[in-house]
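The values are calculated or read from the model by the stated rules, or taken from the named source; none is laboratory data. For clarity, every value in this text was computed on a predicted model and none was experimentally measured. Don't worry about glycine lacking a Cβ; one is built from the backbone with ideal geometry, like all the others, and counts go over all protein chains shown. Accessible surface is based on the protein model in full, side chains and every heavy atom, while ligands, DNA and RNA are left aside. Shrake-Rupley method; radii C 1.70, N 1.55, O 1.52, S 1.80 Å.
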Amino acid sequence: MTDCIFCSIIAGKIPSQKVYEDEYVYAFRDISPQAPVHILIVPKVHIESATNINSDNAYLVSKCFEAITKIAESENLNDGFRVITNSGKDAGQTVFHLHFHLLGGRPFGAGLV
Ligand code: DGP
C-alpha cells in the first residue's frame, strides 16, 4: 500500500532494525522503545487493524504469533513478555498497518491488562 510506513519498512525503502523475517511476517525494533525489548511484528500483507481480520487473512495472525514465539526465545524473554495490538483511535493506534508490540525484559506488574 502506498503511504504506509510499515509497508515501506517491509519493502526496505525505510531502514529498520530487523529481528525476524519469513514469507509472511516482518519484525523490527520499535523506534521509540517502551521496554528493554520492544519489537513490532507485522504481516507483510497490508491489513489496517485488528478490525480488518477476517476468515481470509486470519492465518496471518497465527503466523505473527508463531514468529513472536521464536523472537521471544531469541531475545531470551524466558521470564515472560507482553503482546499488545492497538486498534483505532481510542487505543492510540498511530500506524494503520496491523502490528503486534512484543514487550519484555522487565516486569510489567498489574495494570492495563
Ligand atoms: P501504535 O501506536 O500501536 O500504532 O504503534 C506504532 C509504533 O510504531 C510506535 O510504537 C512507534 C513505531 N514506529 C512508528 N514509525 C516507525 C518507524 O519508522 N520505524 C520504527 N522502527 N518504528 C516506528
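For a quick check of your reading of the filter: which GluC sites (Glu not before Pro) in the stretch 9-113 sit in a DSSP loop and have no more than 10 other Cβ atoms within 10 Å? Mind showing how you got there, number by number?
On the way: sites: Glu21, Glu23, Glu48, Glu66, Glu73, Glu75; in loops: Glu23, Glu48, Glu75.
Hits after loop and neighbour filter: Glu23.
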Response to the item:
In the stretch 1-67, the trypsin sites (Lys or Arg not before Pro) that sit in a DSSP loop and have at most 14 other Cβ atoms within 10 Å of their own Cβ are Lys13
Worksheet item: Label points 7 Å out from Cα along the Cβ direction at Arg29 and Thr51: separation in nm?
Response: 3.4 nm
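Summarise the accessible area of the chain (1.4 Å probe, protein heavy atoms) by the percent that is carbon and sulfur. Write down the numbers at each step before the final one.
On the way: 3530 of 6820 Å².
After summing per-atom areas, the C and S share lands at 52 percent.
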Worksheet item: Total Lys pairs in the chain closer than 15 Å by alpha-carbon, pairs eight or more apart in sequence or interchain only?
Response: 4
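Based only on Cα atoms, what mean projected area does the convex hull of the chain have, in nm²?
Values: hull surface 29.1 nm².
Seen from a random direction, the Cα hull of the chain projects 7.3 nm² on average.
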Item to complete: List the chymotrypsin sites (Phe, Trp or Tyr not before Pro) within the stretch 13-113 that fall in a DSSP loop (any state other than H, G, I, E or B) and whose Cβ has at most 16 other Cβ atoms within 10 Å.
Response: Tyr24, Phe108
Item to complete: Give the cysteines in the chain for which no other Cys Cβ lies under 4.7 Å away, or write none if there are none.
Response: Cys64
Worksheet entry | Residue-wise HN-Hα coupling along the stretch 91-100, computed from phi with Karplus coefficients 6.51, -1.76, 1.60 (Hz; x: Gly, Pro) | 7, x, 4, 10, 10, 8, 9, 2, 8, 10
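So what's the back-of-envelope 222 nm ellipticity for the chain, counting only DSSP H runs of four-plus at -39500 (n - 2.57) apiece and dividing by all residues, rounded to 500? Please list the in-between numbers first.
Working: 2 runs with 23 residues, N = 113.
Value at 222 nm, helices only, nearest 500: -6000 deg cm²/dmol.
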Discussion item. Quick check: residue separation of Arg82 and Glu21 times 0.36 nm, minus the Cα distance between them. What number comes out in nm?
Written reply: 19.9 nm
